[in-house]
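Engineer: The structure's right below; bear with me while I get my questions together.
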Amino acid sequence: MSPTFVIAGKLNREYVLPPAGQPLLDSPGGSLLYAAGGLSVWGDTNAGLLGRVGEDYPRQWVRNLEERGFDTRGIHTLREPQNVDLRSFVAFTDTNERIYSNAVSHFARRQLTFPKSLLGYQAPDESRKDPRAPELISPAAVDTPKEYRDARYIHLCPFDFISQSQMVNLFRSGSNQTVSLDPAPGYMNPSFWRDLRLVLQGVTIFQPSEEELRTLFWGETNDLWEMARKVSEFGPQIIVIKRGLMGQLLYDVAGKHRYEIPAYPSRVGDPTGAGDAFCGGFLAGFQKTNDPLMSALYGSVSASLTIEGSGPFYALGVLPGLAKARLHSLKETAREV
């Protein structure tokens, strides 16, 4: 049977030095898991997960996902002798700035023993990546189980443009499907606008960050609402602009509604994966309510719970009823503009 949801994204072996608290050392992470965590805040685990791993990826981590109720048939193991390094390092400053390089110095500064499993790690040089070349660790349309292709709700986490566009083409032919796209920053620039417009024709919900959207429209306009309107001309019915601790802007094309949604005032323990958790929560809300504003509130709550601890499924251990209480609180603060 087809799962209700399909989420496609990257899987990582995470090394995180959060602003405060204990580090995460070689823990399961990546955009795929944070989006799945945001979805499951609302009790939804009937989701097929699409991602790629190497042969050294712990099998127990995959079994743990199955025990949570997720369908892992879409997690594809690359068996040929290729250099599959899923390690990911990030250190946060006191102001929540993310730093991806100089791992040794960050461990030393915090007087932490450098983990042997991180030896030889080099932060990816994003400036040298060809934005039109598929990445080995991106989920691929060819790996998608046929049972996933009729799923009602699909979310594509950030990964390379070619792989995302192939995923959109795979699902856009389905009847009555909702496709949500979180773009990768590597291609959100004016030179990609023509290609991106073609992809957007198969997208229902477009969820860039404010920085990504401003870069896409660099030199054309500074008005975020105008940017959202221009994007909507090419297909998406819902545009969400993620603004971190400033919350979200939501443009609902059908009624030309514009909403400002503040972030829930969480205690920030570890900001890793907040945007992905938001997207997962949004999709859960959309399946439940078919209401863009309520969906954004669901997403905001998922993000608020995720950042209070570390790891993609931290939010599932909070007090029962807390998510619904925050949903009610946020509903009172969202406003139409």
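Bear in mind that the values in this text are calculations on the coordinates, not laboratory data. Source: prediction; values computed, not measured. Note: ideal-geometry Cβ built from the backbone for every residue, glycine included; neighbour counts use all protein chains shown.
Engineer: Based on the alpha-carbon gyration tensor of segment 36-112 and its eigenvalue square roots a ≥ b ≥ c, which shape applies: rounded if a/c is under 1.5, prolate if not and a/b is larger than b/c, or oblate?
Structural biologist: Because a/c hits 1.5 or more and a/b fails to exceed b/c, segment 36-112 counts as oblate.
Engineer: Which helices count as membrane-span-like in the chain under these terms: full DSSP H, at least 15 Å along the axis by C-alpha, Kyte-Doolittle mean of 0.0 or more?
Structural biologist: Span-like helices, by this rule, are 161-172, 274-289, 292-306.
Engineer: Ranked highest first by average number of other Cβ atoms within 10 Å, how do 42-49, 315-322, 30-37 line up?
Structural biologist: With the highest mean Cβ count within 10 Å placed first, the list reads 30-37, 42-49, 315-322.
Engineer: Using a 10 Å cut-off around each Cβ, can you sort Glu147, Glu126, Glu332 from fewest to most neighbouring Cβ atoms?
Structural biologist: Fewest-to-most Cβ neighbours within 10 Å comes out as Glu332, Glu126, Glu147.
Engineer: Right, something else. Hey, could you get me the Stokes-Einstein D for segment 127-214, Kirkwood radius over alpha-carbon pairs, 25 °C and 0.890 mPa s, rounded to whole µm² s⁻¹?
Structural biologist: Answer, rounded: 183 µm²/s.
Engineer: Sticking with this structure for a sec: For segment 96-140, with the dipole built from +1 on Lys and Arg beta-carbon atoms and -1 on Asp and Glu ones, taken about the Cα centre, which of Val104, Ile137, Ser127 lies farthest toward the positive end?
Structural biologist: Val104
Engineer: Could you check the simple spin-label distance between Glu210 and Asp223, using points 7 Å along Cα→Cβ, in nm with one decimal?
Structural biologist: 1.8
Engineer: Relative contact order for the chain using alpha-carbon pairs under 8 Å, separation at least 6, rounded to a whole percent?
Structural biologist: Value for the chain: 19 percent.
Engineer: Using a simple spin-label model with points 7 Å from Cα along the Cα→Cβ vector, what separation in nm is obtained for Thr113 and Arg197?
Structural biologist: Computed distance between label sites Thr113 and Arg197 equals 5.8 nm.
Engineer: Would you indicate which of [x] 1.04; [y] 0.94; [z] 1.00 is the value of Rg/Rh (Cα atoms, Kirkwood Rh) derived from the coordinates of this structure?
Structural biologist: [y]
Engineer: Rounded to the nearest Å, what's the spacing between the alpha carbon centres of segment 79-131 and segment 1-69? Just the number, please.
Structural biologist: Using only Cα atoms to place each centre, the spacing works out to 19 Å.
Engineer: Label points 7 Å out from Cα along the Cβ direction at Val142 and Glu336: separation in nm?
Structural biologist: With each label point 7 Å from Cα toward Cβ, the separation is 4.9 nm.
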